[in-house]
Amino acid sequence: MTRKSHKKSRNGCVECKRRHIKCDEAKPQCTNCVVVERTCEYAAIRRRKPSQAQQQRRDAPWKSVDHNTPQTQAAHTPGTISECAVPSDNVVATTVTTPGQGASTTPLPGHGHTSDPDTPINLHHMRLILHFSLSTAVPEIPDHLAKGGTELVLRLALETPYLLHQVLAVSARHLAHLHPDDFQFFYSQAIKFQTKAIEGFSASQPLGSDACMPAVLFSSILSRHSLVDTLNTRPRGFAEFLDSFVQCAQLYRGVRAVVAGVSWSSLLESELAPFLKWGMSNSDAVTHGHECDQLLRLLAITPGLDPVSRESCRTAVHHLQIGFDDLANRRPDKNPYRMLSTWNVFLPDEFVDLLGRHHPAAAAVMGWYAVLLHHGRHMWQVGDAGAFILASLVEFLGMEWSHWLEWPQSIIESES
């Protein structure tokens, strides 16, 4: 571009205003280009043609993308994707930055703009909503409850932001499991949504009478989601796993303390009644099996436990035995895998404290929990967590406690 090819105006170079993308070439020759330099650079970024991988994600985010291209690998590198984690009251923007290619900015819809048919739609959020089902969070739920439960959760989520964010979070976490190549992207989204859900739940206190059902559903889905992350993390040792497990239990306790004020009788008269009755169907305090008999005998004679701590261990073992009984005596009206996901809910505070202090006797109890988890290894939330926990526990306790773990080792090794 030469100087004489430009038409001048009061505000600068007309040619450059019309053809912003040529500004970098024109700059050495055209003094008027300096006037519009910043505007031209911004316009060039906005008008730059997206890469093929970016266009595929924009046009059809549910389709698979070739992750072997340098552009796609860069876009999936931690730190290169910055996305609005939650719908807000304002229109915000998603920025995908790829080294060497600039940024592509797409407006996302705000939570308060759903009535405007011209508002841009965030396809990523839509995909998470469409992917969600109650059976994703609770895979053992029977078919006759799954469909109605999904509809109930989504309907209440549209009225309750913190429940909506938790729905998006668990959906993203499941997609991270289904798509290992995109794990980092979906996992980071799950963390952002879950964090926003917890913040929203805390800000909604105290709960009103119309918030009972959303709060109960939120606490249930949150506990499932946090346990998924705990069971699927592979730390360097059992001590780190214990710390993560304790944090998971404490998180749910904080939520449960709030939900405890909800009227249980009113819930049993609400739309949640069928789900609550199904969930409580295996909460019988009477046990029948003998899988935990050896563990109870060892706890009775081990030194270093005061009466309160010893009783807390017995309570933890009691609920493990309920879990084994449910697996051994399956009935259509019972939930045989409930204790895998809810054992940490029934743990006494004193037992959680023992785990937090890495007490060997309390840690040994986790060996029986590992066996219980191993029975549910076909579930996406569990996988090989049972085998991993037991192997790291054996190393953590050492030879001195090896006789405590003979039964768990024999079961998992025989079934593996």
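Which numbered condition trips up SER135, out of (1) over 21 Å from MET379 (Cα atoms); (2) open to solvent by 10 Å² or more (accessible area, probe 1.4 Å); (3) small (Gly, Ala, Ser)?
Every condition holds for SER135 apart from (1).
Hey, could you check the range 366-389 for residues that are of a type outside the set (Gly, Ala, Ser) and open to solvent by less than 10 Å² (accessible area, probe 1.4 Å) and say which is nearest to PRO235 (Cα to Cα)?
Going through the qualifying residues, I end up with ILE389.
Please work out if ARG377 is over 18 Å from LEU227 (Cα atoms) and either within 30 Å of the chain's Cα centre (by Cα) or hydroxyl-bearing (Ser, Thr, Tyr) (or both).
Taking the combined requirement at face value, the residue does not satisfy it.
Considering each residue of the range 271-297, count those that are at pLDDT 90 or above, part of a loop (DSSP other than H, G, I, E, B) and either open to solvent by 30 Å² or more (accessible area, probe 1.4 Å) or of a type in the set (Ser, Thr, Tyr) (or both), and give that number.
3
Kindly establish whether GLU395 is surrounded by fewer than 16 Cβ atoms within 10 Å (Cβ to Cβ) and of a type outside the set (Ser, Thr, Tyr).
yes
Being of a type in the set (A, V, I, L, M, F, W, C), out of contact with any His (no Cβ under 9 Å at 6 or more places or on another chain) and either at pLDDT 95 or above or open to solvent by 10 Å² or more (accessible area, probe 1.4 Å) (or both), is that true of even one residue in the range 180-190?
To start, the set of residues in the range 180-190 that are of a type in the set (A, V, I, L, M, F, W, C) comprises 183, 185-186, 190.
From what's left, out of contact with any His (no Cβ under 9 Å at 6 or more places or on another chain): none.
No: the range 180-190 contains no residue that is of a type in the set (A, V, I, L, M, F, W, C), out of contact with any His (no Cβ under 9 Å at 6 or more places or on another chain) and either at pLDDT 95 or above or open to solvent by 10 Å² or more (accessible area, probe 1.4 Å) (or both).
Could you grab the pairs with beta carbons closer than 8 Å, sequence gap of 6+ or different chains, first residue in the range 234-263 and touching a residue at least 12 places away in the same chain (Cβ under 8 Å), second one open to solvent by 70 Å² or more (accessible area, probe 1.4 Å) and not in a helix (DSSP H, G or I)?
GLY261/PRO206
Check whether at least one residue in the range 105-115 is part of a helix (DSSP H, G or I) and modelled with pLDDT of 85 or more, and report yes or no.
Within the range 105-115, none of the residues are part of a helix (DSSP H, G or I) and modelled with pLDDT of 85 or more.
Results for (1) modelled with pLDDT of 95 or more; (2) under 27 Å from ALA137 (Cβ atoms); (3) touching a Phe, Trp or Tyr at 6+ places or on another chain (Cβ under 7 Å), shown as yes or no for each residue.
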{"position": "ARG330", "(1), (2), (3)": "no, yes, no"}
{"position": "PRO348", "(1), (2), (3)": "no, yes, no"}
{"position": "PHE351", "(1), (2), (3)": "yes, yes, no"}
{"position": "PRO360", "(1), (2), (3)": "yes, no, yes"}
{"position": "ALA364", "(1), (2), (3)": "yes, no, yes"}
{"position": "ALA370", "(1), (2), (3)": "yes, yes, no"}
{"position": "SER392", "(1), (2), (3)": "yes, yes, yes"}
{"position": "TRP407", "(1), (2), (3)": "yes, no, no"}
{"position": "ILE412", "(1), (2), (3)": "no, yes, no"}
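If GLU140 satisfies every condition in (1) touching a residue at least 12 places away in the same chain (Cβ under 8 Å); (2) under 18 Å from VAL258 (Cβ atoms) but one, which is the exception?
Going through (1) touching a residue at least 12 places away in the same chain (Cβ under 8 Å); (2) under 18 Å from VAL258 (Cβ atoms) one by one, GLU140 breaks only (2).
Would you confirm whether any residue within the range 223-236 is out of contact with any strand residue (DSSP E or B) (no Cβ under 7 Å at 6 or more places or on another chain), over 25 Å from GLU140 (Cα atoms) and not small (Gly, Ala, Ser)?
Pass one, the range 223-236, residues out of contact with any strand residue (DSSP E or B) (no Cβ under 7 Å at 6 or more places or on another chain): 223-236.
Cutting the leftovers down to over 25 Å from GLU140 (Cα atoms) gives us 235-236.
With not small (Gly, Ala, Ser) added as a condition, the list becomes 235-236.
So far as the range 223-236 goes, yes, one or more of its residues are out of contact with any strand residue (DSSP E or B) (no Cβ under 7 Å at 6 or more places or on another chain), over 25 Å from GLU140 (Cα atoms) and not small (Gly, Ala, Ser).
For residues in the range 217-263 being farther than 27 Å from ALA361 by Cβ and touching a Cys at 6+ places or on another chain (Cβ under 9 Å), which is surrounded by the fewest Cβ atoms within 10 Å (Cβ to Cβ)?
Ranking the candidates gives SER263 first.
Among all residue pairs at least 6 apart or on different chains, which show Cβ distances below 8 Å where the first residue, located in the range 389-411, is closer than 24 Å to THR230 by Cβ and the second is β-branched (Val, Ile, Thr) and surrounded by fewer than 20 Cβ atoms within 10 Å (Cβ to Cβ)?
LEU405/VAL394; GLN409/VAL394
Looking at (1) of a type in the set (S, T, N, Q); (2) closer than 23 Å to TYR252 by Cβ; (3) out of contact with any helix residue (DSSP H, G or I) (no Cβ under 7 Å at 6 or more places or on another chain), which one does SER414 not meet, given that it meets all the others?
Unmet condition: (2).
Do we have GLU271 as touching a residue at least 12 places away in the same chain (Cβ under 8 Å) and within 30 Å of LEU207 (Cα to Cα) here?
Numbers: touching a residue at least 12 places away in the same chain (Cβ under 8 Å): yes; within 30 Å of LEU207 (Cα to Cα): yes.
So GLU271 fits the description; yes.
Can we say ALA203 is touching a helix residue (DSSP H, G or I) at 6+ places or on another chain (Cβ under 9 Å) and surrounded by 14 or more Cβ atoms within 10 Å (Cβ to Cβ)?
Judged against the criteria, ALA203 is not a match.
Can you pull out every residue in the range 298-356 that is within 24 Å of the chain's Cα centre (by Cα), without any contact (Cβ under 8 Å) to a residue 40 or more places away in the chain and open to solvent by less than 40 Å² (accessible area, probe 1.4 Å)?
The one that is within 24 Å of the chain's Cα centre (by Cα), without any contact (Cβ under 8 Å) to a residue 40 or more places away in the chain and open to solvent by less than 40 Å² (accessible area, probe 1.4 Å): TRP343.
The values are calculated or read from the model by the stated rules, or taken from the named source; none is laboratory data. Owing to the predicted nature of the structure, the values given are computational and were not obtained by experimental measurement. Every residue, glycine as well, gets a Cβ built from its backbone with ideal geometry; the counts of neighbours run over all protein chains shown. To get the accessible areas, we keep the full protein, side chains included, count just its heavy atoms, and leave off ligands, DNA and RNA. Shrake-Rupley method; radii C 1.70, N 1.55, O 1.52, S 1.80 Å.
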